[in-house]
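One structure below.
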Amino acid sequence: MKINVEVECTPEEARRAMGLPDLAPVHERYIAMMVDAIDKQGSPEAFQKMLQSWAPMSEAGMGFWRALFDPSKFDTGSKTEK
């Protein structure tokens, strides 16, 4: 026997129905702290140093993200066929 149940609800209603906590206040505080930290930083280097201290594995974590988004690593499709 197979039973399908479809429920239409908003993400907020689904969160409450599953008993998950409301993280909106935490998110708002995090965003406020990030904006405050960005406003207080004087240079891009200081901002990068702050992010490195927050990143997992510090410099190794930043290197991973830098390599992931490095445009020179992407294949442009300019290879010639033989």
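Taking only the stretch 14-51 into account, find how many residues are surrounded by 10 or more Cβ atoms within 10 Å (Cβ to Cβ) and assigned to a loop (DSSP other than H, G, I, E, B). The number of residues fulfilling the criteria is 3.
As a summary of the residue check, SER72 satisfies the conditions (1) at pLDDT below 75; (2) of a type outside the set (Asp, Glu); (3) under 21 Å from the mean Cα position of the chain (by Cα); (4) not in a loop (DSSP other than H, G, I, E, B) except for the one numbered (3).
The values are calculated or read from the model by the stated rules, or taken from the named source; none is laboratory data. Keep in mind the model is a prediction, meaning the values are calculated, not measured. Cβ atoms come from the backbone with ideal geometry, glycine included; neighbour counts cover every protein chain shown.
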